[in-house]
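S.K.: One structure is given below, represented as structure tokens, and several questions about it will come after.
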Amino acid sequence: MAQVKIMAEVKSQEQLTEDVFSMWLKAPGIAEKAVPGQFISVYTKDKSKLLPRPISICQVEKDQGCLRIVYRVVGGGTEEFSKYKAGEEVSIMGPLGNGFPLKQKKAFLIGGGIGIPPMLELARNLDCEKTMVLGYRDVLFLNEEFAPYGQVYVATEDGSAGTKGNVLDAVRENGLEADIIYACGPTPMLRAIKAYAEEKGIECYISLEEKMACGIGACLACVCKSKEVDHHTHVHNKRICKDGPVFAAQEVEL
Ligand code: FES
């Protein structure tokens, strides 16, 4: 799928928690083509930070040519993004990556931390019975926006909301079951979900969050270990930006 680089207009910016922000962008040529699980590269205006930041797409309004990103401020680049106001322009490239396969099976949508946002667009597009399991450190965000699409269960590390523990603790505590798992979040969470899916014999797709640079498969900054040997490089590698970020869980070593 061809990506384009454009100047996108900021439509709105909202602070959801102390360090999580939601930004709507007018992104014609990208929003119309985007599928759940894809991401965009966002370029800083500060030229000393040349590498764009990969940020997953949280929501798309195709008819308006708009897309939404929900991101955590983790450094200078994302801090700069969080200061943008409506009407400003920002350079972005996308849509990037492959996206989730949309299957009609009873599904778990599992998101951990800043892996939660891409699950919202997936929930909006999946035409099946869905159960959302969202894992947080402490403060919740986006959870209420999932409610129209199915049952939402929450886990927090400090037990301040929902199950005390992680997303799989919430699955077990509530006796939840599904025939397919879609997940995005930190690697330890994905590793545990992959093992859970293997143990239960459930089809499972995971979206990897990794450091990326070019975002288009050229620099190899984002490789992860794969089970099969890559046809081109003959090594056990896959490029998360190009071959992913979504993989069948059994395809990748975590
Ligand atoms: Fe350059 Fe993936 S970020 S190859």
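S.K.: In the range 241-254, what residues are of a type outside the set (Gly, Ala, Ser) and more than 7 Å from the ligand (Cβ to nearest atom)? First the steps, then the outcome.
M.R.: First pass over the range 241-254, keeping only residues of a type outside the set (Gly, Ala, Ser): 241-243, 245-247, 250-254.
Listed by number, the residues that qualify are ASP243, PRO245, VAL246, PHE247, GLN250, GLU251, VAL252, GLU253, LEU254.
S.K.: Which members of the range 22-47 meet the condition of being over 17 Å from the mean Cα position of the chain (by Cα), closer than 14 Å to LYS62 by Cα and part of a loop (DSSP other than H, G, I, E, B)?
M.R.: If the condition is that a residue be over 17 Å from the mean Cα position of the chain (by Cα), closer than 14 Å to LYS62 by Cα and part of a loop (DSSP other than H, G, I, E, B), then ALA27, PRO28, GLY29, GLU32 are the ones that fit.
S.K.: Right, another one. Mind telling me which of the residues PHE108, PHE100 ends up being assigned to a loop (DSSP other than H, G, I, E, B), more than 16 Å from the ligand (Cβ to nearest atom) and buried (at least 22 other Cβ atoms within 10 Å of the Cβ)? Steps first, answer last, please.
M.R.: Values: PHE108 fails: assigned to a loop (DSSP other than H, G, I, E, B).
After applying the criteria, what remains is PHE100.
S.K.: Among the numbered criteria (1) in a loop (DSSP other than H, G, I, E, B); (2) farther than 20 Å from ALA86 by Cβ; (3) not acidic (Asp, Glu), which one does LYS5 miss?
M.R.: Result: LYS5 fails condition (1) only.
S.K.: Is at least one residue of the range 156-167 over 30 Å from ILE92 (Cα atoms) and touching a residue at least 40 places away in the same chain (Cβ under 8 Å)? Walk me through it before giving the result.
M.R.: If we filter the range 156-167 for residues that are over 30 Å from ILE92 (Cα atoms), which is where we start, we get 156-167.
Of the ones still in play, those that are also touching a residue at least 40 places away in the same chain (Cβ under 8 Å) are 166-167.
There is at least one residue in the range 156-167 that is over 30 Å from ILE92 (Cα atoms) and touching a residue at least 40 places away in the same chain (Cβ under 8 Å).
S.K.: Quick one: in the range 121-174, which of the residues that are of a type in the set (Val, Ile, Thr) and in a helix (DSSP H, G or I) is farthest from GLU199 (Cα to Cα)? Reasoning before the result, please.
M.R.: Of the range 121-174, the ones of a type in the set (Val, Ile, Thr) are 131, 133, 139, 152, 154, 156, 163, 167, 171.
Within this subset, residues satisfying the condition of being in a helix (DSSP H, G or I) are 167, 171.
Numbers: VAL167: 16, VAL171: 14 Å.
In this case the residue turns out to be VAL167.
S.K.: Of the residues LYS225, LYS164, LYS200, LYS238, only one is farther than 21 Å from ILE116 by Cα and away from the ligand (no atom under 16 Å from the Cβ); which? Steps first, answer last, please.
M.R.: Numbers: LYS225 fails: away from the ligand (no atom under 16 Å from the Cβ); LYS164 fails: farther than 21 Å from ILE116 by Cα; LYS238 fails: away from the ligand (no atom under 16 Å from the Cβ).
On inspection, the qualifying residue turns out to be LYS200.
S.K.: Something else about it: Which count do you get for residues in the range 183-223 that are outside any loop (DSSP other than H, G, I, E, B) and farther than 26 Å from THR44 by Cα? It would help to see each step written out before you state the result.
M.R.: Quick first cut of the range 183-223, residues outside any loop (DSSP other than H, G, I, E, B) only: 183-184, 187-200, 203-207, 223.
Still in the list and also farther than 26 Å from THR44 by Cα: 183, 187-200, 203-206.
Residues meeting the conditions: 19.
S.K.: Further question on the same structure: Among (1) within 16 Å of the ligand (Cβ to nearest atom); (2) surrounded by fewer than 14 Cβ atoms within 10 Å (Cβ to Cβ); (3) touching a residue at least 40 places away in the same chain (Cβ under 8 Å), where does ILE216 come up short?
M.R.: Here ILE216 meets the rest and fails (2).
S.K.: Further question: Criterion first (at pLDDT 95 or above and over 16 Å from MET119 (Cα atoms)) does ALA213 satisfy it? Show your work before the answer.
M.R.: Working: at pLDDT 95 or above: no; over 16 Å from MET119 (Cα atoms): yes.
For ALA213, the condition - at pLDDT 95 or above and over 16 Å from MET119 (Cα atoms) - is not met.
S.K.: Is it the case that VAL70 is within 30 Å of ILE181 (Cβ to Cβ), buried (at least 21 other Cβ atoms within 10 Å of the Cβ) and in contact (Cβ under 8 Å) with a residue 12 or more places away in the chain? I'd like the intermediate steps shown before the answer.
M.R.: Values: within 30 Å of ILE181 (Cβ to Cβ): yes; buried (at least 21 other Cβ atoms within 10 Å of the Cβ): yes; in contact (Cβ under 8 Å) with a residue 12 or more places away in the chain: yes.
Yes, satisfied.
The values are calculated or read from the model by the stated rules, or taken from the named source; none is laboratory data. All values reported here derive from a predicted model rather than from experimental measurement. Cβ atoms come from the backbone with ideal geometry, glycine included; neighbour counts cover every protein chain shown.
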